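K.L.:
Below is a structure I'd like to ask you about.
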Amino acid sequence: MRAFSMDKDDAPVLSFNFMINEEHINELIKGRTATYVIEIYCPTTFMRRVFSTNEKQGEVLLKKGELYRRVEVNAFVVCAKTIKNYSSRNFNKEFGNGASFNLMPGDVLAAADTEIYYWDTECVAPLYSVFDLVAIDSMTEGMFEIDTDGDRVKIQMHQRDKSRFDQMRKSRELKPTTMFVYFSAVAEVLRQMKDAESEGGKDKKWYRAIEHKVNEMGKALSSADPFRLAQELLCRPLGLILPPSDSDK
């Protein structure tokens, strides 16, 4: 099981968790006769990196800019030492009963199917990263609007409102109350995405990023309620505003 995320400097991080059902192979890894290997290849940047580890789970930190768009990840278990007369009851029947092999360092003992990812910083960054607060002097104070025409969603408000809003975001006590603006924006964007007339927006970064978040949750945008889905995408924002219940104290 593998998944990409992004560190504080926007560099890719691959989290891995190997699951091997073959107990004999697990014993070889524990004894350091075999090792896990992860190969990461990005055709766009021509980056190919190979990592080996004896840890069942962990993280691989890559450099910012190494990945772009399609990324192929392969995982193997390979020999770290020479193994004589290696056999397994899980061998393909074509090898016959009692088949054994002499294996050399680097020979593959097990391999997972290639996993394909599409690296886009907009897709792995927090949901808020595709929203920009924009000051518009012509806006009516106390009102805000959502503009989805560009690659990023613009939350537009009067300059004085934006200044006050920015101050609220810096306050630990007041920051949760700013959630209603983002919730309204996400709900509106989801409504537009669901609208058949917005099909042309699929090429925009904000569309791909939010679509990725929805897919990660296992939701289908076509059948989801935008109002409820927005709450789930924002991790149930009402809970951030309400004081702790008696059971939480």
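None of the figures in this text is laboratory data; all of them are computed from the coordinates on show. Worth saying up front: this structure is predicted, and the values here are computed from it rather than measured. Cβ: placed from backbone, ideal geometry, glycine included. Neighbour counts: every protein chain shown.
K.L.:
For segment 49-55, in order, what is each residue's ³J(HN,Hα) by Karplus, 6.51 cos²θ - 1.76 cosθ + 1.60 with θ = phi - 60°, in whole Hz (x at glycine and Pro)?
P.N.:
So the Karplus estimates, Gly and Pro as x, are 10, 10, 10, 10, 7, 9, 8 Hz.
K.L.:
Right, next: Under the classification rounded if a/c is under 1.5, otherwise prolate if a/b is larger than b/c and oblate if not, where does segment 2-119 fall, given a ≥ b ≥ c as square roots of the Cα gyration tensor eigenvalues?
P.N.:
It is prolate, given that a/c is not under 1.5 and a/b is the larger ratio.
K.L.:
Short version: ³J(HN,Hα) in whole Hz for each residue of segment 110-118, in order, from phi by Karplus 6.51 cos²θ - 1.76 cosθ + 1.60 (θ = phi - 60°), x for Gly and Pro, what are they?
P.N.:
Listing the rounded values in order: 7, 8, 9, 5, 4, 9, 10, 10, 10 Hz.
K.L.:
Starting with the fewest neighbours, write out His158, His24 ranked by other beta-carbon atoms found within 10 Å of each beta-carbon. Let's see the in-between values first.
P.N.:
Values: His158 19, His24 14.
Least to most surrounded, the residues fall as His24, His158.
K.L.:
Enumerate the calculated ³J(HN,Hα) couplings along segment 142-150 in order (Karplus 6.51 cos²θ - 1.76 cosθ + 1.60, θ = phi - 60°), each rounded to whole Hz, writing x wherever the residue is Gly or Pro.
P.N.:
After applying 6.51 cos²θ - 1.76 cosθ + 1.60, I find x, 10, 9, 10, 10, 10, 10, 6, x Hz.
K.L.:
Additional query: I want the local charge near Ala34. Using Cβ-Cβ distances under 11 Å, sum +1 for each Lys or Arg and -1 for each Asp or Glu among the other residues.
P.N.:
Values: positive: Lys30, Arg32, Lys81; negative: Glu22, Glu27, Asp107.
Neighbourhood net charge equals 0.
K.L.:
Can you list the lysines whose alpha carbon is less than 20 Å from that of Lys64, not counting same-chain residues fewer than 8 positions off?
P.N.:
Within reach: Lys8, Lys205.
K.L.:
Right, another one. Report, please, the projected area of segment 127-248 averaged over directions, based on the convex hull of its C-alpha atoms, in nm². Intermediate values should be presented prior to the final figure.
P.N.:
Details: hull surface 35.0 nm².
The number I arrive at for segment 127-248 is 8.8 nm².
K.L.:
So, one more: Non-local amide H neighbours of Val134 (under 5 Å, H modeled in plane, Pro and chain starts lacking H): which ones?
P.N.:
Ile155, Gln156, Met157
K.L.:
A follow-up question, please. So what is the 222 nm mean residue ellipticity for the chain from helices alone, if each DSSP H run of at least 4 adds -39500 (n - 2.57) and you divide by all residues, rounding to the nearest 500 deg cm²/dmol? The partial results should precede the final answer.
P.N.:
Details: 7 runs with 64 residues, N = 249.
After summing the helix terms and dividing by residue count, I get -7500 deg cm²/dmol.
K.L.:
Order 127-135, 170-178 from most to least packed using the mean count of other Cβ atoms within 10 Å.
P.N.:
Working: 127-135: 16.7, 170-178: 11.6.
Ranking the peptides 127-135, 170-178 by packing returns 127-135, 170-178.
K.L.:
Next up: Give me the aspartates and glutamates in straight-line cross-link reach of Lys219: C-alpha distance below 18 Å, same-chain residues under 8 apart excluded.
P.N.:
Output for Lys219: Glu188, Asp195, Glu211, Glu232.
K.L.:
Dividing the alpha-carbon Rg of the chain by 2.2 N^0.38 Å yields what?
P.N.:
Numbers: Rg = 24.7 Å, N = 249, 2.2 N^0.38 = 17.9 Å.
This ratio for the chain stands at 1.38.
K.L.:
Please find, in a Gaussian network model of the chain (springs between Cα atoms separated by less than 10 Å), the residue of Val108, Val13, Val189 whose mean-square fluctuation is greatest.
P.N.:
Of Val108, Val13, Val189, the Gaussian network model singles out Val108 as fluctuating most.
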